[in-house]
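Taken together, the values in this text are just the output of simple stated rules run on the coordinates, not laboratory data. As the structure is a prediction and not an experimental result, all values here were calculated from the model. Reconstructed Cβ throughout: ideal geometry from the backbone, glycine too, with neighbour counts over all protein chains shown.
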């Protein structure tokens, strides 16, 4: 049985008399979209935030005023938040780099002394 | 361009119409700020209302260059009977369907008018028209998407779109109220005239309204709502002007 009301708009909605214990699920049809903007042609798209929209077409229209009304932008992407694949928060530790692996980083090589010495010898301006 | 006295008079009349429309509709649309249907749309609609004030300012600046008062005085210092806006822009915001439909009908006309004026022999006007091309393109994209999606939505949204279209249509025809300067504007290549503009506007909105499955009112049976361009306004303009100019009128000489 659905709710009958003197307001035809309510009746038309065919709302159950016993509402779902989790009504948010049903009304959650305005999903969120993640917005990416591109500052200039050729540069990377960068994530700038998210917004609510009923569909992707409207998401692009709304994204323009939310995220490009003040700063330079030449292109925008929107992606349904649900379509973004992410690592699990509890797996944060996979990104930790052990301190003794500094040899893997370019900064681990101390070469500036030798470069400067070479420049001095060759009389190259530093 | 060497411009004659009568051409200056004609171009001024055209710019007052355009600028007053922008100012009044910009003010009206800004009344949605904080009340929009959803946060994202609230921000978008408010931002476009600000754009309209920017258009008005650029147009008042041209008038200033032609010897009239500065933009602030033109915007805030004129009486109701001196305003040349059409009735469409004066109406209260109503419900969101009305405001959206007005936004659609007005901005499509505005975008086409600016496109025509970008080729105007009056250079200052052509430059302003070119400057706002991108903004107007966005405004019409925004309007078209909302009209199409709501008109193809559920029973209530479709009915609301149709009745707001019926309500707005005769008012929107008033945008194109003929001017006594029409012939001068056309012969001097300043502007192709309201009639040409209205015809291309009808073609454009028919295309969108068909996609939206809305019934287009029959123009031949409607009486366009004229009067605004000659200083005869609705009862809604005076209270709007009083509110908009309230602070300015306390001290018109104040420096901001």
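Centre-to-centre separation between the Cα atoms of segment B:180-214 and those of segment B:85-155: 13 Å.
Where a ≥ b ≥ c are the square roots of the eigenvalues of the C-alpha gyration tensor, would you call chain A rounded, which needs a/c under 1.5, or, failing that, prolate if a/b is larger than b/c, or oblate? Verdict is oblate for chain A. Between A:75, A:116, A:55, the Gaussian network model of chain A with springs among Cα atoms under 10 angstrom shows the greatest mean-square fluctuation at A:116. Comparing B:21, B:42, B:97 in a Gaussian network model of chain B (Cα springs below 10 Å), the most mobile by mean-square fluctuation is B:42. Each residue in A:79, A:74, B:11 was given a count of other beta-carbon atoms within 10 angstrom of its own, and listing them fewest first yields A:74, A:79, B:11. Counting neighbouring Cβ atoms within 10 Å and putting the fewest first, the residues B:23, B:125, A:60 line up as A:60, B:125, B:23. For the pair residue A:10 and residue A:32, label points projected 7 Å from Cα toward Cβ lie 3.2 nm apart.
For segment B:51-66 and segment B:1-40, write down the distance between their C-alpha centroids in whole Å. That distance is 8 Å. Peptide A:56-65 has a mean of 5 when you count, residue by residue, the C-beta atoms of other protein chains within 10 Å of its C-beta.
Could you grab the Rg to Rh ratio for the protein assembly as shown? Cα atoms only, Kirkwood for Rh. Don't skip to the answer; put the middle values down first.
Working: Rg = 27.6 Å, Rh = 24.7 Å.
Answer for the protein assembly as shown: 1.12.
For chain A, the longest principal axis of the alpha carbon atoms and the long axis of helix A:112-122 meet at an angle near 50°. Between helix B:155-173 and chain B, what is the angle of the helix's C-alpha long axis to the longest principal axis, kept within 0 to 90° and rounded to the nearest 10? Computed tilt is about 30 degrees.
Of the Cα atoms belonging to segment B:206-256, the radius of gyration and Dmax stand at 19.4, 52 Å. Quick one: angle between helix B:96-117 and the longest Cα principal axis of chain B, in degrees between 0 and 90, rounded to 10, please. Approximately 40 degrees, to the nearest 10. Peptide B:132-143 is shielded by partner chain Cβ atoms: per residue, an average of 1 of them sit within 10 Å of its Cβ. In segment B:14-109, the inverse of the mean reciprocal separation of distinct Cα atoms equals 13.8 Å; this is its Kirkwood hydrodynamic radius.
Does chain B come out rounded, prolate or oblate by the C-alpha gyration tensor, with a ≥ b ≥ c the root eigenvalues, rounded set by a/c under 1.5 and, if not, prolate when a/b is larger than b/c and oblate if not? In terms of gyration-tensor shape, oblate.
When B:191, A:36 are arranged by Cβ crowding within 10 Å, least crowded first, meaning fewest neighbours, the order is A:36, B:191. For a Förster distance of 41 Å, can you work out the FRET efficiency between the beta-carbons of residue A:88 and residue B:72, rounded to the nearest 0.05? With a Förster radius of 41 Å, E is 0.10.
Annotation: peptides A:38-48, B:103-113, ranked by per-residue average of other Cβ atoms within 10 Å with the highest first, follow the order B:103-113, A:38-48.
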